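Student: What follows is a single structure, and I will ask about it in a moment.
The values are calculated or read from the model by the stated rules, or taken from the named source; none is laboratory data. Please read all numbers here as calculations on a predicted model, not as lab measurements. No Cβ is skipped: glycine too gets one built from the backbone with ideal geometry, and neighbour counts run over all protein chains shown. We work out accessible area using only protein heavy atoms, side chains counted, and drop any ligands, DNA or RNA first. Shrake-Rupley method; radii C 1.70, N 1.55, O 1.52, S 1.80 Å.
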Amino acid sequence: MMCPLHEPVSNVLIAELIGDSPHTSRGEQRVFSWRPLGTSSIKVLLLAVAVGVYLIPSHIDPEPYIFEGPPPALDGPLAVNTRLQRGRQLFSGQLKGPESFTADQKGNIYTGTVDGKLWRISNESLTFITQMGRNIPECGTSTDYEPVCGRPHGLRLDRDGQLIVADSYQGLFKVDAWTGEKTLLHSSTEGADGIPFGFLNGLEISKNGRVFFTDSSSKWGRRHVRYEVLETNRLGRLLSFDPVTGRVRTLLDSLYMPNGFAFSPDEDFLLLAETSVAHIIKFWLKGPKAGTKEVVLNNMMGYPDNIRLSDRGTFLVGVTTLVRLSWYNVLLPKYGLILELGPDGEVIDSLHDPTGSLTWAVSDVFQQGTHYYLGSTDLPFLPVLEEWS
């Protein structure tokens with residue numbers, strides 16, 4: 001008989017034991033007969049399953065969200081290509097989830113990984129800097145240990161050459177890039193406006209030294225990012241930190257999982273990814289529109305993560321699938337994608353890796369000379385694109 005999983009429900013058979021009665025002789029062979037379920041029985045069974053699923057307690061409280069129009073067609077500047085395959089993978093098995101990057105004037109590159117560690121990359125050699133939390137053997141083995149081990153996300157160098165790091169769980173830190181000495185600038189428990197930080201994520205430093213950063217959710221931490229995406233709530237914020245006064249200000253609230261962002265060359269606006277609803281907004285910092293925002297790219301073909309400014313004055317966006325459910329991941333194609341946007345969010349170019357041969361689920365696109373370092377949330381290597389061609 002064919003496995004019921006491959007049969008329509010109406011063809012599923014049930015077995016009835018007819019030889020197990022007081023009149024059955026000991027040792028007599030039991031006989032099974034098979035009878036198809038009737039239509040009414042099937043309806044009752046489906047109703048019972050539906051009610052059972054409905055009554056299962058849920059961790060999330062989803063809010064409705066309607067995407068405007070169909071997703072963009074993969075043609076023109078979005079046409080499928082293999083240009084993202086022209087690179088190589090470094091530090092396989094040594095770096096897991098290098099999320100974001102920054103570099104000093106000597107060309108040293110800095111990044112943080114899922115095990116809570118900060119690293120320096122110099123001439124393709126890897127040096128450990130510090131552990132953001134406690135350094136225990138379990139770090140990196142499960143997201144359950146991230147609140148203990150730490151998880152550095154956005155990081156940049158300030159004008160004094162110190163690393164400013166957004167740890168997803170603990171808060172904003174200043175870290176000596178060479179000694180690893182850490183100073184807590186503002187804790188997540190302190191938060192802003194009476195609301196603790198739940199999921200610190202993107203970070204940038206303006207020309208005047210002010211630190212801008214995102215709190216992706218006041219409800220779900222990074223280890224529960226899938227719930228944040230599925231809920232499509234509006235519990236994220238864009239904030240700023242003044243390193244002189246220590247004051248934290250909320251610049252935007254009620255955002256859909258605000259993630260990475262980048263300033264324009266003149267810092268008159270920034271582009272910010274609202275990951276859970278797959279769109280990008282422009283937030284004006286100067287001029288007559290200062291303090292206002294507008295959607296510039298909607299219903300994207302994937303979840304936008306970090307946004308970086310290129311040396312061409314364009315914006316580079318890493319696109320990631322993001323929803324990390326082990327049973328769901330097998331259904332997702334390993335497809336790498338980077339977008340290049342103009343100042344108004346228009347797509348002017350894209351690099352694809354349709355088979356995921358170099359990378360997939362790109363979180364960051366950091367340009368260093370002619371090379372592009374590609375971040376990820378949990379891939380066990382560092383992909384490097386040799387050139388933009």
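Student: What is the extension gain from Thr245 to Ile195, computed as 0.36 nm multiplied by their sequence separation minus the C-alpha to C-alpha distance, in nm to one decimal? Don't skip to the answer; put the middle values down first.
Tutor: Details: separation 50, 0.36 × 50 = 18.00 nm, distance 1.96 nm.
Length gained, Thr245 through Ile195: 16.0 nm.
Student: If you rank His59, His224 by how much accessible surface each has, with a 1.4 Å probe, what is the order from largest down?
Tutor: His59, His224
Student: Can you order the peptides 211-223, 256-268, 176-188 by their average number of other Cβ atoms within 10 Å per residue, highest first?
Tutor: Taking the mean over residues of other Cβ atoms within 10 Å, the ranking is 211-223, 256-268, 176-188.
Student: Using label points projected 7 Å from each Cα along Cα→Cβ, tell me how many nm separate Asp311 and Leu230, to one decimal.
Tutor: 4.4
Student: Counting only other residues whose beta carbon sits under 9 Å from that of Phe197, what net charge do I get with K and R as +1, D and E as -1?
Tutor: Neighbourhood net charge equals -1.
Student: Another one. Kindly report the accessible area of the stretch 91-156 per residue (heavy atoms of protein chains, probe 1.4 Å, no ligands, DNA or RNA), in Å².
Tutor: That works out to 40 Å² per residue.
Student: Please compute the net charge surrounding Glu63, taking Lys and Arg as +1 and Asp and Glu as -1 over other residues with Cβ under 10 Å from its Cβ.
Tutor: Around Glu63, the charge tally is -1.
Student: Counting only protein heavy atoms and a 1.4 Å probe, tell me what percentage of the stretch 76-385's accessible area is made up of carbon and sulfur. Could the numbers behind the result be given before it?
Tutor: On the way: 5920 of 11920 Å².
Carbon with sulfur: 50 percent of the solvent-accessible area.
Student: By a straight-distance test (C-alpha under 21 Å), which lysines pair with Lys286 as possible cross-link partners, with residues fewer than eight away in the same chain excluded?
Tutor: Once the sequence-local lysines are set aside, what remains near Lys286 is Lys207.
Student: So what's the gap between the Cα centers of the stretch 87-164 and the stretch 354-377, to the nearest angstrom?
Tutor: 16
Student: Would you kindly state how much longer the chain becomes between Gln368 and Lys106 on full extension, computed as 0.36 nm times their sequence separation minus their alpha carbon distance, in nm to one decimal?
Tutor: Taking 0.36 nm per residue and subtracting the Cα distance, the gain is 93.2 nm.
Student: Please list the non-local residues whose amide H lies under 5 Å from the amide H of Leu285, H modeled 1.01 Å from N, same-chain partners needing a gap of 5 or more.
Tutor: Phe269, Leu270, Gly291
Student: Right, another one. Using r as the Cβ-Cβ distance of Glu386 and Asp144, and R0 as 51 Å, what FRET efficiency do you calculate, to the nearest 0.05?
Tutor: The computed FRET efficiency comes out at 0.85.
Student: On a 1.4 Å probe surface of the protein chains, which of Ile307, Ile205, Ile195 comes out largest in accessible area, and what is the full order?
Tutor: Listed by decreasing accessible area, they come as Ile195, Ile205, Ile307.
Student: Quote to one decimal, in nm, the extra length available between Arg134 and Val80 on full extension: 0.36 nm per residue of separation minus the C-alpha distance between them.
Tutor: Between Arg134 and Val80, full extension yields an extra 15.1 nm.
Student: For the stretch 200-295, just say rounded, prolate or oblate: build the C-alpha gyration tensor, square-root its eigenvalues into a ≥ b ≥ c, call rounded for a/c under 1.5, and beyond that prolate if a/b exceeds b/c, oblate if not.
Tutor: Oblate shape, in that a/c is at least 1.5 and b/c is the bigger or equal ratio.
Student: In addition: Roughly how many Å² of Leu74 are accessible to a 1.4 Å probe, to the nearest 10?
Tutor: 90
Student: I've got another one for you. Where Lys and Arg each count +1 and Asp and Glu each count -1, what net charge lies around Arg156 among other residues with Cβ under 15 Å from its Cβ?
Tutor: For residues surrounding Arg156, the net value is -3.
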